[in-house]
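Here the structure comes first, spelled out in structure tokens, and everything after it is commentary.
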Amino acid sequence: MLILASQSTTRKALLEQAGLRFATAPAHIDERALEAAAIEAGGDGRDVASLLARHKAEHVARAHPGAIVIGADQTLSLGTELLHKPVDRADAATQLDHLRGKTHRLHAAVALVRDETLLWSDLQTAELTMRDFTAAERDEVLDREGDAILAAVGGYRLEGPSIHLFDKVVGDYFTVLGLPLLPLLAALRALAPETLN
């Protein structure tokens with residue numbers, strides 16, 4: 001049995017489009033507390049993403065003995081600063097303004113756990129550069145995105161109208177969406193080919 005430890009509609013859609021059969025079971029963990037502990041220990045956005053992906057998978061695996069659990073997480077780093085999902089439209093506008101004309105990094109981590117064993121993990125980074133857009137352009141994008149923007153770290157969705165705010169993207173598209181899909185599929189083929197049927 002394969003379980004996605006996430007309530008992300010994007011991650012779920014990516015796995016469905018790849019033809020995987022799986023259940024979903026969101027992991028209820030204190031992400032901010034784990035993030036704070038990782039940063040206090042000298043970690044950065046990459047470390048936080050990896051830690052959260054592993055903890056999500058481990059949390060759900062405890063409730064589903066024998067299942068292979070996929071944990072995933074994504075962080076956004078602007079230098080040493082970490083941004084999170086906006087709480088409302090005004091916060092999304094503030095985050096976009098903060099990112100305007102700058103290059104930031106998205107770190108996407110994924111982990112496979114069975115019972116108490118970490119079977120495999122991976123971390124990918126994409127580098128994104130935003131245009132020096134106007135407030136009117138930002139507001140038009142936010143209008144078109146609607147509430148979907150509240151589920152997106154940084155206040156944008158590259159797979160939606162937000163693409164108009166960017167000059168350059170370097171890295172894997174699936175990493176930008178929050179799930180290193182190609183490495184994950186390769187790991188499943190190697191470790192648990194039965195989950196791909």
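The values are calculated or read from the model by the stated rules, or taken from the named source; none is laboratory data. Given the structure is predicted, the values throughout are model-derived calculations rather than measurements. Backbone-built Cβ (ideal geometry, glycine too); neighbour counts: all protein chains shown.
Answer yes if at least one residue in segment 150-162 is of a type in the set (Phe, Trp, Tyr), under 21 Å from LEU52 (Cβ atoms) and in contact with a strand residue (DSSP E or B) (Cβ under 9 Å, 6 or more places away or on another chain), and no otherwise. Yes: one or more hits. In this entry, ALA23 passes the filter for residues that are exposed (fewer than 14 other Cβ atoms within 10 Å of the Cβ), of a type in the set (Gly, Ala, Ser) and at pLDDT 95 or above. On the stretch given as segment 104-160, residues that are of a type in the set (Ser, Thr, Tyr), assigned to a strand (DSSP E or B) and surrounded by 17 or more Cβ atoms within 10 Å (Cβ to Cβ) total 2. With respect to the stated conditions, LEU185 fails to be in a loop (DSSP other than H, G, I, E, B), closer than 29 Å to ALA67 by Cβ and under 20 Å from the mean Cα position of the chain (by Cα).
Mind listing just one residue for me: the one in segment 48-84 that is surrounded by fewer than 16 Cβ atoms within 10 Å (Cβ to Cβ) and not in a helix (DSSP H, G or I) and, of those, nearest to the chain's Cα centre (by Cα)? Within segment 48-84, the match that is nearest to the chain's Cα centre (by Cα) is HIS84.
Exactly one residue out of ALA67, ALA36 is at pLDDT below 95 and either aliphatic (A, V, I, L, M) or within 30 Å of ALA135 (Cβ to Cβ) (or both): that is ALA36.
Counting the residues of segment 100-158 that are hydrophobic (A, V, I, L, M, F, W, C) and farther than 22 Å from ASP47 by Cα gives 10.
Given the structure, is GLU194 outside any loop (DSSP other than H, G, I, E, B), out of contact with any helix residue (DSSP H, G or I) (no Cβ under 6 Å at 6 or more places or on another chain) and either aromatic (Phe, Trp, Tyr) or at pLDDT below 95 (or both)? Yes. If the Cβ limit is 6 Å and pairs must be 6+ apart or interchain, which residue in segment 114-132 that is without any contact (Cβ under 8 Å) to a residue 12 or more places away in the chain and within 17 Å of LEU188 (Cβ to Cβ) pairs with which residue that is surrounded by fewer than 17 Cβ atoms within 10 Å (Cβ to Cβ) and of a type outside the set (Gly, Ala, Ser)? Close Cβ pairs (under 6 Å, with a partner that is surrounded by fewer than 17 Cβ atoms within 10 Å (Cβ to Cβ) and of a type outside the set (Gly, Ala, Ser)) do not exist here. Out of LEU99, LEU191, report the one residue that is more than 17 Å from the chain's Cα centre (by Cα) and surrounded by fewer than 19 Cβ atoms within 10 Å (Cβ to Cβ). Of the residues listed, the single one that is more than 17 Å from the chain's Cα centre (by Cα) and surrounded by fewer than 19 Cβ atoms within 10 Å (Cβ to Cβ) is LEU191.
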